[in-house]
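The values are calculated or read from the model by the stated rules, or taken from the named source; none is laboratory data. Keep in mind the model is a prediction, meaning the values are calculated, not measured. Using ideal geometry, Cβ is built from the backbone for each residue, glycine included, and neighbour counts are taken over all protein chains shown. To get the accessible areas, we keep the full protein, side chains included, count just its heavy atoms, and leave off ligands, DNA and RNA. Shrake-Rupley method; radii C 1.70, N 1.55, O 1.52, S 1.80 Å.
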Amino acid sequence: MEVIIRDTPETGCLLAAKIIARVVREKPDAVLGLATGRTPLMLYRELIRLHREEGLDFSRITTFNLDEYVGLPATHDQSYRWFMREHLFQHINIDQKNTHVPDGTAADMHVECRSYEQRILDAGGIDIQLLGLGRNGHIGFNEPTGSLRSRTWIKILSEQTLQDNSAVFGSLEEMPKHALTMGIGTILDARRVLLLAFGPAKVRAVEHMIEGPLAAICPGSALQLHPRATVILDENSAAGLRYADHYRWIDKNKFDWQRHK
Ligand code: GLP
């Protein structure tokens, strides 16, 4: 796992945007795995700026989002489809029909989940999967104790996640209790993964993900199995890491030093 610690979420997001922009430039028909939540907002803003000011071209890009709430139509302002349109898709030159988000209103969820996996395969697999990290260590909506080899499926949201995400729904009652999410196995199939975690609330999850044992109780720890996983932290989220100086040393002395320039 490549661990990069930046001063602030802002500098972390700028680096993440550089990494994604580089994938888009090198492979104009790349397949991007995208995430929602507060964490990637600045990264999306930077991608929009790169599109507007530097002509970053998304016209041949395909995207697959990690997850969606069950029961929320695309017209609901808390649906992840809405989020992506609002914060990225409507501001760049992506072809909307190449943007995929699981359909939380599908008549048959099992069929939808299987078809989502198939659509990823048909697109040639995901080149780079962006991830956030839940306070309880979840990735996508893969909550603690879910199988580390799971595929896209319906997941029950944990109490912690309901608490963390219910404010925007007004009340806990209005928040969906289920979500469709790429499985951990699906995420690990991406050719590269890029996880962002910022702020003091993520300290414990970050610690377990990077330095704890590989365990279903912290789904993020599954990234330890990935041959090309990059984790970008800020000083706050990295505060609990035992080997922070080691990661800084590696980052500073990278042989392949041009990679993130
Ligand atoms: C949400 C999403 C995740 C996200 C995580 C962290 O519930 N399903 O994909 O990474 O929780 O959210 P935030 O970035 O707002 O802290």
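Give the residues of the range 115-136 that are within 10 Å of the ligand (Cβ to nearest atom) and over 15 Å from Ala35 (Cα atoms), sorted by residue number. Within the range 115-136, Arg135, Asn136 meet the criteria. The set of residues from the range 152-171 being under 16 Å from Glu117 (Cα atoms) and buried (at least 17 other Cβ atoms within 10 Å of the Cβ) comprises Thr152, Trp153, Lys155. Scanning the range 181-209 for residues that are near the ligand (Cβ under 9 Å from one of its atoms) and over 15 Å from the mean Cα position of the chain (by Cα) gives Gly199, Ala201.
All of (1) within 13 Å of the ligand (Cβ to nearest atom); (2) in contact with a helix residue (DSSP H, G or I) (Cβ under 6 Å, 6 or more places away or on another chain); (3) under 24 Å from His100 (Cα atoms) hold for His178 with one exception: (2).
Ser147 - would you say it is polar (S, T, N, Q) and touching a residue at least 60 places away in the same chain (Cβ under 8 Å)?
Yes: the conditions hold for Ser147.
Scanning the range 37-48 for residues that are surrounded by 21 or more Cβ atoms within 10 Å (Cβ to Cβ), among the aliphatic types (A, V, I, L, M) and within 16 Å of the ligand (Cβ to nearest atom) turns up just one, Leu43.
Residues checked against (1) within 13 Å of the ligand (Cβ to nearest atom); (2) touching a residue at least 12 places away in the same chain (Cβ under 8 Å); (3) open to solvent by less than 30 Å² (accessible area, probe 1.4 Å):
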{"position": "Glu10", "(1), (2), (3)": "no, yes, no"}
{"position": "Glu26", "(1), (2), (3)": "no, no, no"}
{"position": "Leu50", "(1), (2), (3)": "no, yes, yes"}
{"position": "Phe58", "(1), (2), (3)": "no, yes, yes"}
{"position": "Pro73", "(1), (2), (3)": "no, yes, no"}
{"position": "Thr99", "(1), (2), (3)": "no, yes, yes"}
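Inspect all residues belonging to the range 221-228 and state whether any of them is within 17 Å of the chain's Cα centre (by Cα), within 12 Å of the ligand (Cβ to nearest atom), modelled with pLDDT of 95 or more and not charged (D, E, K, R). There is no residue in the range 221-228 that is within 17 Å of the chain's Cα centre (by Cα), within 12 Å of the ligand (Cβ to nearest atom), modelled with pLDDT of 95 or more and not charged (D, E, K, R). The residues of the range 191-205 that are part of a strand (DSSP E or B) and of a type outside the set (Val, Ile, Thr), listed by number, are Leu194, Leu195, Leu196, Ala197.
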